[in-house]
Amino acid sequence: MHIPDAFMPLPQAAVYWLLAIIFIALALKWARKELNEDKIPLVAVLAAGIFAIQAFNLPVGMGTSGHLVGGALAAIVLGSPYAAVFILTIVLIIQGVIFGDGGITTMGANIINMGVIGGFVGYYSFQGLKSVTKNVYISAGIAAWLACFIAALACAIEMAIAGTFPLIAGMTAMGIYHAAIGVIEGIITAVAIYLIHNVRPDLLSFDTKSGTEAPA
């Protein structure tokens with residue numbers, strides 16, 4: 001899921017960087033408005049946790065690998081897809097600059113895939129599912145699965161546009177692996193929300209019993 005520099009032409013990478021910068025600016029606006037003394041430690045914990053779960057990579061083939069994403073978890077817990085963009089951007093910068101996990105030129109694409117797509121799909125899927133299932137844990141688990149799976153397909157499409165590998169082969173490989181990995185991500189997301197609810201329910205952006213937005 002972490003696209004290396006050599007996997008994408010610079011003009012294509014520049015387009016994703018421009019899109020990423022727009023979302024990063026919106027995420028910074030969210031952070032200035034929403035982050036307070038209670039949420040800052042939670043953001044740090046989520047960032048550290050997402051960094052850790054992304055460290056476990058499984059080879060997919062064609063030079064790519066699969067791993068958990070964490071975008072849905074950040075968006076659901078903090079109540080905004082921009083929270084995922086904010087946290088994933090921090091994580092991806094550290095991974096790319098310090099550990100060489102993912103390219104610098106392609107970091108915009110990685111932010112779009114894991115932060116933007118992962119965050120928006122995860123958050124809005126959760127919002128829709130909880131009104132149907134009436135269960136925030138099931139809804140969070142399914143939303144996290146969707147966020148992981150769709151982000152992986154987006155990555156495969158980008159690689160096909162870049163000419164790195166064929167579209168069908170890439171989507172099949174990335175899709176199958178992340179469909180399985182997404183199950184693990186769904187479980188981790190649901191369990192994490194359950195644990196946060198038991199320890200600090202006031203930190204969640206919603207009421208776990210009713211599924212409604214928590215009072216500010």
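Where helices (runs of 4 or more DSSP H) fall entirely within the range 102-212, those with at least 2 residues that are among the hydroxyl-bearing types (S, T, Y) are at 118-133, 136-162, 167-199.
On the basis of being more than 21 Å from V77 (Cβ to Cβ), of a type outside the set (F, W, Y) and either touching a residue at least 60 places away in the same chain (Cβ under 8 Å) or touching a Leu at 6+ places or on another chain (Cβ under 6 Å) (or both), does I161 make the cut?
On the way: more than 21 Å from V77 (Cβ to Cβ): yes; of a type outside the set (F, W, Y): yes; either touching a residue at least 60 places away in the same chain (Cβ under 8 Å) or touching a Leu at 6+ places or on another chain (Cβ under 6 Å) (or both): yes.
In short, yes.
Counting only residues that are free of Cβ contacts under 8 Å to residues at least 12 places away in the same chain and closer than 20 Å to L129 by Cβ, which one in the range 196-210 is least open to solvent (accessible area, probe 1.4 Å)? Across the range 196-210, the extreme among qualifying residues is H197.
Summed over the range 98-115, residues that are open to solvent by 20 Å² or more (accessible area, probe 1.4 Å) and modelled with pLDDT under 95 total 4. Note on the range 135-149: residues that are in contact with a Ser or Thr (Cβ under 9 Å, 6 or more places away or on another chain) and farther than 20 Å from L195 by Cβ amount to 1. Screening F165 on (1) loosely packed, with under 15 Cβ neighbours inside 10 Å; (2) modelled with pLDDT under 90; (3) aromatic (F, W, Y) shows it passes everything except condition (1). When K29 is tested against the conditions (1) out of contact with any strand residue (DSSP E or B) (no Cβ under 7 Å at 6 or more places or on another chain); (2) closer than 19 Å to I3 by Cα, the lone failure is (2).
Scanning the range 168-189 for residues that are among the β-branched types (V, I, T) and closer than 23 Å to P9 by Cα, which turns out most open to solvent (accessible area, probe 1.4 Å)? Selected residue: I168.
Consider Y16 against the criteria (1) of a type outside the set (G, A, S); (2) under 15 Å from the mean Cα position of the chain (by Cα); (3) open to solvent by less than 50 Å² (accessible area, probe 1.4 Å); (4) at pLDDT 95 or above: it satisfies all of them except one. Which criterion is unmet? Result: Y16 passes all but (2).
The values are calculated or read from the model by the stated rules, or taken from the named source; none is laboratory data. Since the model is a prediction, treat every value here as computed from it, not as a measurement. With ideal geometry, Cβ positions are generated from the backbone for all residues, glycine too; neighbour counts draw on all protein chains shown. In case anyone asks, the SASA skips ligands and DNA or RNA and just uses the protein heavy atoms, side chains included. Shrake-Rupley method; radii C 1.70, N 1.55, O 1.52, S 1.80 Å.
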